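So the structure is just underneath, and the comments pick up after that.
The values are calculated or read from the model by the stated rules, or taken from the named source; none is laboratory data. Computed from a prediction, not measured in an experiment: that's the story for all the values here. Cβ placement follows ideal geometry from the backbone for every residue including glycine, while neighbour counts extend to all protein chains displayed. Please note that ligands, DNA and RNA were not included when accessible areas were found on the heavy atoms of the full protein model with its side chains. Shrake-Rupley method; radii C 1.70, N 1.55, O 1.52, S 1.80 Å.
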Amino acid sequence: MADYYNISLEILHQLLKDAGEEHWANWIQKDIHLWASEKRVDHHLGAYGGMGSINDLSVGGLDTIDIWKNNLFEMTKKLAWSLAKGKVATPPLEEKFYHYGSIELSGWRCLDCRHARISKTNIELYVAAAFLPKLFVEYIEQGKLMEILDLENIITLMQIIDTRATIEKLVKADNITLTDTNDWLQTCPNCGDNNVCGYRWQIVNNYSKLVAASNNL
């Protein structure tokens, strides 16, 4: 049977190395050694909690690949911690266990003129949150979880490309401005008013309709 605690540590180590996070990469490398030699998890558990812990860390910015890396990092941390803590004995096969990020599409809206905008970054955050838990479970079931590190190819899967394109079409069809930047809006670029707020939408009916989230202002 695969040692999923060790596999989760190996994934974390690779993500940290790729991000240039030498301190934490070395920390996880020690976790791997302690597990292999003594079956110890105490050092790994010491990485969590408090200011400056691994919980405060991200492994990338807001580029497409970095968004997926950050989500994978968070999901794998949860699995590693849960296995080390004894919360689970084997990796759960329920997607909700690995969920990270929002199931709503975020953007901005002017409450006066109703101008709205959504960035491609926020679309990618939505797509990663929607697909990566499912892929994580599938890779576990297929016994190839380490291959989930191949995010460069995963983000170009046709289903993911089609989903991005479908969401962009929904945004444009709803007369929402699609932007390449993720700038913080203090005033409306359409009417100049400052009555602008963060806004959220849900995608319903099998990606055929965009509706305002019920918890908006």
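Things to note:
- Here the extension length gained between Lys209 and Lys169 equals 13.4 nm, from 0.36 nm per residue of separation less the Cα-Cα distance.
- Which listed pairs, of Lys39/Lys69; Lys17/Lys96; Lys69/Lys172; Lys85/Lys120; Lys39/Lys120, have C-alpha distances above 32 Å, in listed order: Lys85/Lys120; Lys39/Lys120
- Choice from Leu125, Leu149, Leu185 with maximal GNM fluctuation in the chain (Cα, 10 Å cutoff): Leu185
- Isolated Cys in the chain, by beta carbon distance under 4.7 Å: Cys197
- Using only side-chain charges placed at the Cβ, +1 for Lys and Arg and -1 for Asp and Glu, the dipole size of the chain relative to its Cα centre rounds to 560 debye.
- Approximate spin-label separation Asp3-Ser102, in nm, with each point projected 7 Å along Cα-to-Cβ: 4.1 nm
- Ellipsoid semi-axes in whole angstrom, largest first, where each is sqrt(5λ) of the Cα gyration tensor of the range 1-104: 21, 18, 12
- Cα centroid separation, the range 1-52 to the range 108-124 (Å): 39 Å
- The radius of gyration of the Cα set in the range 104-217, together with its Dmax, comes out at 16.4, 55 angstrom.
- Per-atom-type breakdown for the chain gives carbon and sulfur 47% of the accessible area (1.4 Å probe, protein chains only).
- Calculated FRET value between Gln29 and Glu147, using beta carbons and R₀ = 30 Å, to 0.05: 0.90
- Kirkwood radius and radius of gyration were both taken over the C-alpha atoms of the chain, and their ratio Rg/Rh is 1.04.
- Distance distribution P(r), the range 48-132, all Cα-Cα pairs, bin width 5 angstrom from 0: 3, 13, 18, 19, 17, 13, 8, 5, 3, 1, 0 percent.
- Calculated from backbone phi, Karplus (6.51, -1.76, 1.60) coupling profile of the range 183-193 in Hz, x at Gly/Pro: 5, 6, 9, 9, 10, 6, x, 8, 10, x, 6
- Estimated at the nearest 10 Å², the accessible area of Phe97 is 40 Å² with a 1.4 Å probe.
- Cα gyration tensor shape of the range 1-56, rounded if a/c is under 1.5, else prolate or oblate by comparing a/b with b/c: oblate
- Helix-only mean residue ellipticity at 222 nm for the chain, each DSSP H run of n ≥ 4 adding -39500 (n - 2.57), per residue, nearest 500: -15000 deg cm²/dmol
- Rounded to the nearest 10 Å², the accessible area of Asp18 at probe 1.4 Å: 90 Å²
- Per residue, the range 35-179 exposes an accessible area of 49 Å² to a 1.4 Å probe, with every protein chain left in place.
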